[in-house]
Each structure stands twice: as structure tokens, then as C-alpha cells.
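Input: a single structure, listed below in C-alpha cells.
Please treat every number below as a calculation from the coordinates, not as lab data. For clarity, every value in this text was computed on a predicted model and none was experimentally measured. When we count neighbours, we look across all protein chains shown, and the Cβ atoms used for this are built from the backbone with ideal geometry, even at glycine.
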């Protein structure tokens with residue numbers, strides 16, 4: 001905005017902005033148009049509300065906050081004078097000033113550049129502020145201040161310097177506020193006597209006036225160059241290595257989610273009463289995916305948030321975590337789309353998987369998927385962390401040891417008003433992003449920028465290894481997969497064999513239990529031999545053939561039926577051995593005939609217990625035929641709410657951006673029309689026209705911005721309206737704080753009782 005332009009009020013300045021400037025303001029401060037303001041007066045009033053100011057300040061850097069702080073201390077000034085107050089490059093000050101003006105946090109009045117009303121309280125002495133109170137109208141000259149500072153005792157000077165350095169306030173703590181210099185008994189009283197420390201707000205709080213702080217700092221509101229952004233400590237890596245490492249982690253994350261949900265489709269874990277996942281079930285999932293509990297919690301949380309898992313009743317009627325219909329559709333998508341859905345879900349889900357396993361305030365363990373691990377700040381932390389790493393030069397990664405700490409310092413400078421816990425959140429974000437394949441060795445892979453900007457990852461496809469359709473079966477009953485297996489083959493092989501180790505090549509081991517697992521779901525000996533022969537590039541070794549045949553031969557030698565249950569076998573020795581097994585005492589077995597036992601244990605309990613004892617029983621039907629007890633694959637409905645229902649494709653992102661642009665354009669058009677209507681009414685109506693609460697707020701905000709004394713028509717408790725001459729100080733929460741000339745004191749007024757607001761007519 002041109003420096004020579006001056007305006008009567010903030011509303012007047014906003015009224016003179018172009019549509020492009022207004023659109024940018026509403027885009028960066030969307031709360032201003034949550035419901036479209038009636039006119040520019042109401043827009044200006046909203047922009048100075050405490051809650052809105054706090055949200056706007058949360059998005060500023062340390063340097064931008066320092067510029068605003070200097071503007072508050074200066075009161076009203078010029079851009080050139082403002083530059084002299086800050087220890088920074090003039091060009092940087094000009095750039096930061098343009099930024100805060102574009103956010104309607106500062107404006108150009110007829111008397112000079114000034115901050116919007118209420119900004120001093122909103123800054124509140126936080127990060128990026130000087131700890132100085134605005135300069136007073138009756139401030140002493142620089143020579144007088146220097147004399148007073150020179151006359152201070154050493155304890156009083158140390159106290160004053162400490163308050164400035166720590167950017168804090170003091171309290172009276174029994175000190176006399178009105179005291180002569182010769183009567184001062186403490187450092188605080190000495191500072192009060194010399195007006196180097198002044199009361200604020202009437203609640204015992206003492207602050208350093210702006211003039212005093214400037215004198216101590218040599219005319220600056222800052223004591224160091226605050227325009228220098230802390231750098232991130234990095235170390236070089238080849239981009240190819242970063243890409244390969246991240247892509248490998250991305251593929252493993254997808255494969256493990258697929259593997260876990262396939263298992264949950266037939267053996268779903270129960271939903272706890274608090275809606276979470278039990279500790280034992282989480283550990284079982286970690287063992288199945290061959291990861292630690294923390295990574296298992298991350299993958300489970302992401303899968304549920306992505307809508308791939310829902311809740312439904314299992315075969316026993318209990319509520320369980322089950323793959324959703326969306327899981328089957330997800331399996332059919334290209335690899336990069338599948339991964340992008342997981343990655344964007346993690347970016348946006350307001351949950352912290354790292355808190356799983358910790359204890360809450362009552363000492364109870366926080367369960368995975370429970371409400372206790374919600375974290376609203378998580379999405380903003382993750383995006384800010386990845387954005388900063390993505391900005392590093394190509395081939396640069398976080399340095400070992402110092403990289404993470406420097407990244408936290410870098411992000412803190414960018415957003416100093418964030419909670420201190422963001423340091424921990426940043427560390428968790430880096431760890432989880434690496435596990436999901438969004439970072440590699442602490443660096444950004446080629447596809448990260450595409451994911452952050454468009455929620456797609458087509459650049460991931462060339463980095464993924466081609467799936468293989470074979471394994472190498474060895475004589476030691478292992479099979480080596482020389483690369484990632486095709487999805488169907490991987491699921492079948494995982495049914496027949498157990499994963500022994502993972503890495504560049506996955507090693508599977510065949511055991512009697514793994515072969516029996518395939519027989520339990522209905523595979524025959526012929527199908528087993530055909531499968532092994534078709535997937536192996538090496539001849540099937542004889543030991544594996546013998547293992548399959550031997551397992552098939554003993555499989556089903558014992559048959560279980562309903563008595564409560566009975567056991568029948570052609571080989572009476574098998575039953576004799578089982579009857580006398582030391583761990584079978586609790587099964588209630590009793591022999592009826594050489595080849596028949598009965599049990600008092602139900603069939604559902606008896607079958608798994610017999611398998612634990614090394615037997616391989618099958619269920620026999622009423623007609624004597626063998627029944628295959630393959631469990632049904634369960635599916636839940638895709639959840640209708642949550643981040644899993646977000647479309648994470650580029651078309652959806654473009655559509656959402658277009659809708660937001662159209663909404664802002666409509667708000668600007670409405671503002672222009674409403675302002676014309678308000679102008680027409682104001683021109684025709686009397687000056688004391690009754691105002692709505694929003695109209696009163698707008699008029700009071702304008703009076704605060706311009707420092708105007710106004711006359712308010714105030715409705716008292718008896719329903720009588722009287723005129724009060726006041727100097728408005730601040731408006732917040734429906735209450736006006738102003739200096740009441742009649743009472744000669746600062747008091748509060750309920751805004752909804754203010755009927756009229758008009759400038760005080762000049763005397764005489």
C-alpha cells in the first residue's frame with residue numbers, strides 16, 4: 001500500500017482496498033468471514049477482536065511479531081521511524097510491515113502508522129515482544145530519562161534490566177506505588193518513584209514504559225537482530241539414496257497395513273468399552289507385522305483414520321475392528337494412490353499415535369484407537385515439519401545429533417506462539433514420517449513436495465521395485481522372495497509359511513503349523529504341491545515335500561463332533577496318546593470305545609486346545625463327512641465420518657480450492673453492497689440513530705483506533721438512557737473498557753446496552 005495514503009479509521013482503509021487485497025485478507029484470516037460481515041465497519045471491528053487477533057498472531061514469525069511490538073511501543077509513527085526502533089535490516093522491516101498491514105493488524109491513520117486497537121493486550125508480552133508498555137503521552141525527554149537511569153542504585157538497575165531481558169511484568173508485592181525518591185526502601189519503590197516502572201490495569205501489575213526500555217536498549221525495542229531466521233543443521237546425502245530409503249519404507253508401510261487387515265478380516269480384534277484396541281491385540285498386530293508396538297500403533301491408527309477399518313459384530317456377535325468395504329477398493333488402486341491415501345490421512349488426522357502406551361492423569365494406560373490420544377495440534381505440526389524439511393536443498397538431510405534441535409529452533413522462530421510441546425511433536429512427526437516413507441534418512445524424497453501440494457505421489461511409482469511373481473525355495477525349508485511379491489502371491493504364501501526375516505529379500509519358513517494353517521482353510525495336498533511348484537523358480541526340495549505329505553497324513557486323523565463333543569480316530573493309538581497327555585486333563589476326555597473319545601468341553605474351545613497339544617483335528621458333520629472350518633471374511637461398512645472419507649486426489653483439492661475462492665469472492669461482493677447500503681442509511685438518518693450491538697462495536701472500534709472521545713447513550717438497569725462521555729480503551733467479550741469522564745475513572749460498559757455512539761462535539 002502506498003505510504004502517502006492516510007485514512008480516518010481502519011474501516012475507511014479497508015473500504016479503499018482493492019478486491020484482491022480484501023480477498024487475500026479473508027483467505028489468511030478466514031474467521032473474519034465465517035459469517036459475512038454486513039459492512040466494512042463490522043469487518044474492522046471483527047479484525048480487532050481478541051480471539052481473531054490471537055489467531056492472526058499465531059501465524060506470524062518472530063520478526064513480524066517484533067515489528068508489531070515496536071509499533072505498539074511507538075504508539076503512532078512513520079515507517080522510517082519504525083525502522084530505527086528495530087535492530088534489523090530496513091528492507092526486512094518493510095517486508096514484515098507490509099505483511100502485518102495486509103493482515104489488517106496495522107493501518108495508516110491521518111496521524112501516522114499505528115497498530116489496531118487491542119493488539120497490545122493480544123501480544124501480552126509473549127514471544128517476539130519487547131516486554132515494554134506503549135509510550136505515554138507525558139513521557140519525559142531522553143535527557144531526563146538518561147539522568148534518572150544514571151541515578152539508579154545497582155539493585156534497582158539490575159531489577160529493571162532483568163524485567164527487560166525476561167520480557168516479564170512485576171507486581172507491587174507490598175511496595176508503595178506512590179512514594180518519593182528519598183523515601184524508597186526497595187528497588188521496586190525506587191523505580192516507581194522515578195517513574196521507570198509504572199502500574200498497569202489497577203491489579204498490582206507493574207510494567208516498563210516504552211520510553212524507558214528504548215533508553216536502556218539504545219533506542220531499540222529489540223536487543224538482537226531478530227530478522228535472521230535460524231538455519232537447520234544438515235549433512236549431505238545423495239538424492240538417490242534418500243529416495244530409495246523413503247520409497248522402501250513407504251512400500252513396507254503399505255504391505256504391513258494390507259497384511260494386518262487381511263488377518264483382521266478373519267480374526268478381528270475386539271473393540272474395548274472405551275472404543276479402543278486392547279494392549280494384547282496391539283502386541284499381536286505388532287508381532288504379525290514384525291514391527292515394534294509404537295510403529296504398530298501408528299499403522300493401525302492411520303488405517304482406521306483412512307476409513308480402511310470400521311466396527312461391526314463378529315461371528316460371535318461382539319463388536320470388533322474389521323476391514324471396511326473401502327479396504328477392497330483400496331487394494332485395487334495403483335501403488336502410489338494407495339500410499340498417498342495413508343500419507344495424507346496421517347498429515348490431517350488430529351491424533352497422536354506416539355501417546356499410545358503412555359499413562360493418563362489417572363495412571364491408566366492409553367489404548368490405541370481410544371479417544372485419549374486425540375491431539376488437535378498434530379496436523380499443523382506435521383505439515384510445518386515436513387514443509388521445513390522439503391525446503392532444504394536437494395541432497396541435504398537433518399544432521400545427526402544437532403539436526404532435530406536446529407529444526408525445532410527454526411520452526412519456533414517461524415511460529416513462536418506455538419506451545420512448548422511443539423518440540424516434542426516435531427520429533428514425533430519426523431519419526432512417524434520416516435516410518436511411513438515421507439522422509440528418508442532425515443531428508444525429503446522427490447515425491448514429498450507433490451504430496452504436500454496436491455495430495456498425490458505419482459513420482460513414487462518409478463522408485464518402487466517391480467513386484468515379483470516367484471520365490472526361491474531352499475532345502476532348509478525356507479523360501480526367499482527376491483523382491484516385493486505380487487499382492488495375491490504374498491497373501492497366499494503368508495498363509496502357507498511364516499515370515500522369518502525382512503529386508504531387501506523376505507525369507508519365509510515352512511513349518512508343520514504353517515502347512516496345517518493352509519489345510520485348516522480348505523487347501524488339499526494336491527493344491528499345496530501345485531502351489532509350491534508354480535511359485536518356485538527352484539525345484540521343490542524333498543524335505544518340503546515330505547513335510548507337506550507328513551502333515552497331510554496326520555491332518556484329520558482325529559475327528560471332532562458334537563456330543564458335547566466327541567473325538568473319533570481310525571488309529572486308536574492317537575487317541576490313547578491324547579487321552580494320557582499331561583496337558584489334556586482339563587478337557588474332560590473319556591473313552592467310549594477304542595477309536596472314540598467324548599469330551600465335556602465345547603467344540604469351539606476344544607478345537608484350538610487340541611491344536612495347541614500338537615493334534616490336527618478336523619470337524620466331522622452329522623453324516624460323517626469332514627467339514628472345512630474356514631472362517632468367513634468379515635467386512636464393515638466404510639465409516640461415514642472422519643478423515644478416511646476425504647478424497648485425497650488432485651481433483652478434490654482443486655475443487656475445494658475453487659469453492660473457497662468462490663466463497664471469498666462472494667464475501668467481498670457482499671461487503672461492498674452492505675457498505676453502500678450502510679452509507680445510504682447513515683446519510684439519511686439522524687446522528688443519534690439507535691445502533692445494533694454490531695453497529696455499536698464497529699463505532700467503538702473506530703473510536704479506539706482514532707483515539708476519539710465519544711458520547712455513548714447508555715441504558716441503565718432502570719431502563720433509562722443517559723449520555724456518558726468516555727475515552728474507549730478496549731472492546732472484548734461484549735464489554736467496553738473506557739475512561740468515564742463523569743466518574744473520573746476507568747470502568748466497564750456492556751456493549752448491548754449502548755444505544756448510540758457519536759463523537760464529542762468540540763467545546764466552544
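Structure summary
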| quantity | calculated |
| --- | --- |
| Crossing angle, helix 422-436 versus the chain [Cα axis fit, 0-90 degrees, rounded to tens] | 30 |
| Radius of gyration and maximum dimension Dmax of segment 3-44, Cα, Å | 10.6, 33 |
| Degrees between helix 239-264 axis and first principal axis of the chain (Cα, 0 to 90, nearest 10) | 60 |
| For the chain, share of DSSP beta bridges that run antiparallel, in % to the nearest 5 | 90 |
| Per-selection Kirkwood Rh - segment 334-482 (Cα, Å, 1 d.p.) | 17.4 |
| Value of D in µm² per second that Stokes-Einstein yields for segment 472-553, Kirkwood Rh from Cα pairs, at 37 °C (0.692 mPa s) | 260 |
| Orientation-averaged projected area, Cα convex hull of segment 557-615 (nm²) | 3.3 |
| Burial order of peptide ranges 748-758, 261-271, 328-338 (average beta-carbon count within 10 Å, highest first) | 261-271, 748-758, 328-338 |
| For segment 46-193, the fraction of alpha-carbon pairs in successive 10 Å shells from zero, as % | 10, 35, 31, 19, 5, 0 |
| Theoretical gain in end-to-end length, residue 266 to residue 657 [0.36 nm per residue, Cα-Cα removed] | 136.7 nm |
| Over segment 1-126, volume per residue of the alpha carbon convex hull, in Å³ | 98 |
| Semi-axis lengths, Å, segment 410-505, gyration tensor of Cα atoms, sqrt of 5 times eigenvalues | 39, 17, 11 |
| Whole-number D in µm²/s for segment 348-390 (Stokes-Einstein; Kirkwood sum over Cα pairs; 37 °C, 0.692 mPa s) | 291 |
| Sites residue 604 and residue 516 - FRET efficiency at Förster radius 22 Å, r taken between beta-carbons, to 0.05 | 0.75 |
| Segment residue 290-residue 735, length gained on full extension (0.36 nm per residue, minus Cα span) | 154.2 nm |
| Radius, Kirkwood style, for the chain when every pair of distinct Cα atoms is counted (Å) | 32.2 |
| Over the chain, relative contact order from alpha-carbon pairs under 8 Å, at least 6 apart, % | 13 |
| For q = 0.29 Å⁻¹, Debye-computed log10 I/I(0) when each Cα of segment 693-759 counts as one equal scatterer | -1.55 |
| Sites residue 313 and residue 750, calculated FRET efficiency, Cβ-Cβ separation with R0 41 Å, nearest 0.05 | 0.15 |
| Kirkwood-type radius of segment 192-281, with distances r between different C-alpha atoms, in Å | 21.0 |
| Value at 222 nm in deg cm²/dmol, rounded to 500, when DSSP H runs of n ≥ 4 in the chain each add -39,500 (n - 2.57) | -13500 deg cm²/dmol |
| Full-stretch length increase - residue 727, residue 612 - with 0.36 nm per residue and alpha-carbon distance subtracted | 32.9 nm |
